Amino acid sequence: MDAQRIETHYTYADYCAWDDETRYELIDGVPYAMSPAPTQAHQTIIGRIFNEIFNFLKGKPCQIFLAPFDVRLNAEAGDDTVVQPDLLVVCDKTKLDGKACVGAPDMVIEVLSQSTARHDRLVKFRLYEKVGVREYWIVDHENSIVEVHILENGHYNKQAFGESDDLHVHILEGCTINLADIFG
């Protein structure tokens with residue numbers, strides 16, 4: 001008799017019961033352990049972007065959140081996909097349940113690290129595109145580049161910006177970020 005591989009399919013309920021010592025993301029029922037604490041450079045970039053967008057959003061209906069903050073991307077159908085982007089913007093307050101964003105945020109920002117780059121560029125890219133995240137940034141701080149993916153007709157269109165560019169946040173009319181301030 002051949003041995004059979006048994007695959008366990010996890011849900012958000014399982015995820016909530018796990019030990020808090022290790023952070024996980026759950027994609028299509030498969031857990032992915034998050035990398036250890038980010039580097040100082042990673043945290044600095046996240047902080048600078050957060051500050052720019054947070055200050056712009058004062059008095060406006062959208063909110064920005066820092067990881068760790070759960071995003072339940074398919075709560076209505078299986079509830080087996082939970083991610084924790086570095087930064088996310090939510091403009092529909094009905095998606096916030098006090099513990100998580102339930103559904104696709106309007107914007108997600110992931111800052112690359114060596115251990116997450118492939119996952120952010122492939123797995124999460126396809127996931128965010130599929131669920132309808134309107135704007136997805138992949139920030140490569142080592143090369144001072146921001147890849148901006150704008151959802152149009154169900155697919156992302158990519159633009160790349162460098163350290164000397166001003167980046168206009170597509171979903172936030174009037175919000176412009178000087179990348180020299182972010183990478184400098």
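Write out the GluC sites (Glu not before Pro) in region 1-94 meeting two conditions: DSSP loop, and at most 15 other Cβ atoms within 10 Å of their Cβ.
Working: sites: Glu7, Glu21, Glu25, Glu52, Glu76; in loops: Glu7, Glu21, Glu76.
In loop regions of region 1-94 (DSSP not H, G, I, E or B), the sparsely surrounded GluC sites (Glu not before Pro) are Glu7, Glu21, Glu76.
Using 0.36 nm per residue of separation minus the Cα-Cα distance, give me the extension gain between Glu173 and Thr8 in nm, one decimal.
Details: separation 165, 0.36 × 165 = 59.40 nm, distance 4.36 nm.
Result: 55.0 nm gained on full extension.
Once the dipole of the chain is set up with Lys and Arg at +1 and Asp and Glu at -1 on Cβ about the Cα centre, which of Ala180, Ile45, Ile27 lies farthest towards its positive end?
The residue sitting most towards the positive pole is Ala180.
Around Thr81, what is the net charge, scoring Lys/Arg as +1 and Asp/Glu as -1 over all other residues with Cβ under 9 Å from its Cβ? Don't skip to the end; give the middle numbers.
Details: positive: Arg72; negative: Glu25, Asp28, Asp79, Asp80.
Its environment carries a net charge of -3.
Using unit Cβ charges (K, R positive; D, E negative) and no other charged atoms, how large, in debye to the nearest 20, is the dipole of region 37-122 about its Cα centre? Mind dumping the intermediate values first?
Values: 9 positive and 11 negative charges, 62 e Å.
About 300 debye.
Any chance you could list P(r) for region 119-184, counting all Cα-Cα pairs in 10 angstrom bins from zero, rounded to whole %?
Binned Cα distances yield the sequence 21, 51, 27, 1.
So between Asp181 and Ile150, what do we pick up on full extension, going 0.36 nm a residue minus the alpha carbon distance?
Extra length available between Asp181 and Ile150 comes to 8.9 nm.
Which cross-chain or sequence-distant (5 or more) residues have an amide H under 5 Å from the amide H of His141, H modelled 1.01 Å from N in plane?
Long-range HN contacts for His141: Leu112.
Could you tell me the center-to-center distance, by alpha carbons, between region 75-131 and region 150-184 in angstrom?
18
Which far-off residues, 5 or more places away or on another chain, put their amide H under 5 Å from the one on Tyr24, with H placed in the peptide plane?
Result for Tyr24 returns Met34.
So what is the calculated 222 nm ellipticity per residue for the chain, using -39500 (n - 2.57) for each DSSP H run with n of 4 or more, over all residues, to the nearest 500 deg cm²/dmol?
-5500 deg cm²/dmol
Can you give the Rg and Dmax of region 12-183 based on its C-alpha atoms, in angstrom?
According to the Cα coordinates of region 12-183, Rg and Dmax are 15.3, 45 Å.
Within region 39-116, report the trypsin sites (Lys or Arg not before Pro) that DSSP leaves as loop and that have at most 10 other Cβ atoms within 10 Å.
Here the sparse-neighbourhood loop sites are Lys58, Lys99.
What is the extension gain from Ala37 to Ala77, computed as 0.36 nm multiplied by their sequence separation minus the C-alpha to C-alpha distance, in nm to one decimal?
Value of the extension gain: 11.2 nm.
Lone cysteines in the chain, going by a 4.7 Å Cβ-Cβ cut-off?
Lone cysteines by the Cβ rule: Cys16, Cys101, Cys175.
By how many degrees, 0 to 90 and rounded to 10, does the Cα axis of helix 40-57 deviate from the longest principal axis of the chain?
70
With θ set to phi - 60°, apply the Karplus curve 6.51 cos²θ - 1.76 cosθ + 1.60 along region 158-167 and write out the HN-Hα couplings as whole Hz, x wherever there is a Gly or Pro.
Result, rounded to whole Hz: 9, 9, 10, 10, x, 4, 8, 9, 9, 10.
To make sure I understand the rule: partners must be lysines, Cα under 19 Å from the Cα of Lys158, and not fewer than 8 residues away in the same chain. Which ones qualify?
Candidates past the 8-residue exclusion: Lys124, Lys130.
Roughly what % of Cα-Cα distances in region 51-110 sit above 14 Å, to the whole percent?
52
Relative contact order of the chain, please, whole-number percent, based on alpha carbon pairs below 8 angstrom and at least 6 residues apart.
Relative contact order here is 15 percent.
Every number here is computed from the coordinates shown, using simple stated rules; none is lab data. No experiment lies behind these values; they were computed from the predicted model shown. Positions of Cβ are generated from backbone atoms using ideal geometry, with glycine treated the same way; all protein chains shown enter the neighbour counts.
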